[in-house]
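Asker: Quick one: structure below, then a few questions.
The values are calculated or read from the model by the stated rules, or taken from the named source; none is laboratory data. As the structure is a prediction and not an experimental result, all values here were calculated from the model. Positions of Cβ are generated from backbone atoms using ideal geometry, with glycine treated the same way; all protein chains shown enter the neighbour counts. Heavy atoms of the whole protein, side chains included, go into the accessibility calculation; ligands, DNA and RNA do not. Shrake-Rupley method; radii C 1.70, N 1.55, O 1.52, S 1.80 Å.
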Amino acid sequence: MKKSLIALAFGTLGLGIAEFVMMGILPDVAKDLGISIPTAGHFISAYALGVCVGAPVLTLARKYPLKHILLVLVTLIMIGNICAAMAPNYWVLLIARFISGLPHGAYFGVGSIVAERLADKGKGSEAVSIMIAGMTIANLFGVPLGTSLSTMLSWRVTFLLVGIWGIVILYYIWRWVPHVEGLEDTGFKGQFRFLKTPAPWLILGATALGNGGVFCWYSYINPMLTNVSGFSAESITPLMILAGFGMVMGNLISGRLSDRYTPGKVGTAAQALICIMLLLIFFLSPYKWAAALLMCLCTAGLFAVSSPEQILIIRVSKGGEMLGAACVQVAFNLGNAIGAYAGGLAVNEGYRYPALTGVPFALIGFTLFLIFYKKYQAKY
């Protein structure tokens, strides 16, 4: 495995912890700052807003070498998380979370392009999946570690750890990632020209709605496992590690299969798997073994679509590759927000129903992926 890809994965590991750990430490943050848990939920939204704002801002950096852009983005990761660790009140932490989110989509966008360019011939999808692997490992180890540190010491230690990890990322990107030529400058308007064709919209729609379907269920997985499946509260941490394991395996297997077959075929198959898993979760979640197995398979599907989406958007966004690759992360976060909201509406019917609510979202995501595969995959 190339050291350069490991360095890029270090970055997505830090971003993964910064994004997802807030969900686990929300009560600690709320208590320390003297605010309600729903108000503390604004810190999750602020990060997502930063992701959405950071992606189009990336077009302003189009003339610079890709490695230099990565180093600036990692510096922003460090600043945002260190500021979060030292935040004295609600407003400072809100701003710090927004800053932390700014480099997220941009890093994935630039990192995906660099990973594909550094890959051996015919290994582009696998290279991108290695970069994304940091995000899945964050869910496997980083988020549980951050949650434990918050409980034992302070939630501030968790963000400080991410900030310090930024120094490690900065060093290894500087040391291991070679100089990569910047993209051809197509002008400001040229960055958006690819959006005039249907292909990128199909990918972005599949990303938003496919992920939205999963997050209808995954946002409320804790109460489902305890209230429906009958797991104890103490079992949740190992179960979340199992879910993280599914993410890691789904991502790595998908990257390899995408190079062997096509990203469109693998992404379509993974999205179909998600539809089936969500439906089975609704019916079989009262059984412990089934709930645990289906959870692992569904989270595997969630990240099995990630590298195909990331590689395909680069290929269909000629002239605006950085913006396109960053927009996938915007779509991902938009899907998370929509899914969590829609799943919340279904919770009143019972904790199984968010999974059922996610099925139509996932089905539309599958349909969009299938249309892309049938009409456009041969061109890319």
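Asker: With the condition kept exactly as written, say whether any residue in segment 192-201 is more than 30 Å from Val29 (Cβ to Cβ), touching a Phe, Trp or Tyr at 6+ places or on another chain (Cβ under 6 Å) and open to solvent by less than 50 Å² (accessible area, probe 1.4 Å). Walk me through it before giving the result.
Answerer: Here is the first cut: in segment 192-201, the ones more than 30 Å from Val29 (Cβ to Cβ) are 192-201.
Among the residues that remain, those that are also touching a Phe, Trp or Tyr at 6+ places or on another chain (Cβ under 6 Å) are: 199-200.
Adding the requirement that they be open to solvent by less than 50 Å² (accessible area, probe 1.4 Å) leaves 199-200.
Checked against the condition, which is being more than 30 Å from Val29 (Cβ to Cβ), touching a Phe, Trp or Tyr at 6+ places or on another chain (Cβ under 6 Å) and open to solvent by less than 50 Å² (accessible area, probe 1.4 Å), segment 192-201 yields at least one hit.
Asker: If you take the residues of segment 32-45 that are modelled with pLDDT of 85 or more and not in a loop (DSSP other than H, G, I, E, B), which of them is most open to solvent (accessible area, probe 1.4 Å)?
Answerer: Asp32
Asker: Take Phe361 and decide whether it is outside the structural domain of Ile113 (by the TED database), open to solvent by 10 Å² or more (accessible area, probe 1.4 Å) and within 30 Å of Ile113 (Cα to Cα).
Answerer: Details: outside the structural domain of Ile113 (by the TED database): yes; open to solvent by 10 Å² or more (accessible area, probe 1.4 Å): yes; within 30 Å of Ile113 (Cα to Cα): yes.
Yes.
Asker: Another question about this same structure. Report yes if some residue within segment 278-289 is within 20 Å of the chain's Cα centre (by Cα) and either over 20 Å from Ser235 (Cβ atoms) or surrounded by fewer than 24 Cβ atoms within 10 Å (Cβ to Cβ) (or both); otherwise report no. Walk me through how you get there before you give the answer.
Answerer: We begin by selecting, within segment 278-289, every residue within 20 Å of the chain's Cα centre (by Cα); these are 278.
Still in the list and also either over 20 Å from Ser235 (Cβ atoms) or surrounded by fewer than 24 Cβ atoms within 10 Å (Cβ to Cβ) (or both): 278.
Yes; the residues of segment 278-289 include at least one that is within 20 Å of the chain's Cα centre (by Cα) and either over 20 Å from Ser235 (Cβ atoms) or surrounded by fewer than 24 Cβ atoms within 10 Å (Cβ to Cβ) (or both).
Asker: Follow-up. Quick one: what pairs do we get from segment 250-276, first residue in contact (Cβ under 8 Å) with a residue 60 or more places away in the chain, second outside any helix (DSSP H, G or I), C-beta under 8 Å, 6+ apart or different chains?
Answerer: Going by the 8 Å Cβ cut-off, the qualifying pairs are Ser254/Val305; Asp259/Gly122; Asp259/Lys123; Gly264/Tyr376; Gly264/Tyr380; Gly267/Val305; Gln271/Val305; Ile274/Val305.
Asker: Hey, another quick one. Confirm whether Ala61 is over 16 Å from Gln329 (Cα atoms), at pLDDT 85 or above, open to solvent by less than 50 Å² (accessible area, probe 1.4 Å) and not assigned by the TED database to the domain that holds Phe194. I'd like the intermediate steps shown before the answer.
Answerer: Values: over 16 Å from Gln329 (Cα atoms): yes; at pLDDT 85 or above: no; open to solvent by less than 50 Å² (accessible area, probe 1.4 Å): yes; not assigned by the TED database to the domain that holds Phe194: yes.
No, not satisfied.
Asker: In addition: Taking segment 9-31, which residues are open to solvent by less than 10 Å² (accessible area, probe 1.4 Å) and either in contact with a Ser or Thr (Cβ under 9 Å, 6 or more places away or on another chain) or more than 27 Å from Gly124 (Cβ to Cβ) (or both)?
Answerer: Going residue by residue through segment 9-31, those that are open to solvent by less than 10 Å² (accessible area, probe 1.4 Å) are 11-12, 14-16, 18, 21-22, 25, 29-30.
Matches in segment 9-31: Thr12, Leu15, Gly16, Ala18, Val21, Met22, Ile25, Val29, Ala30.
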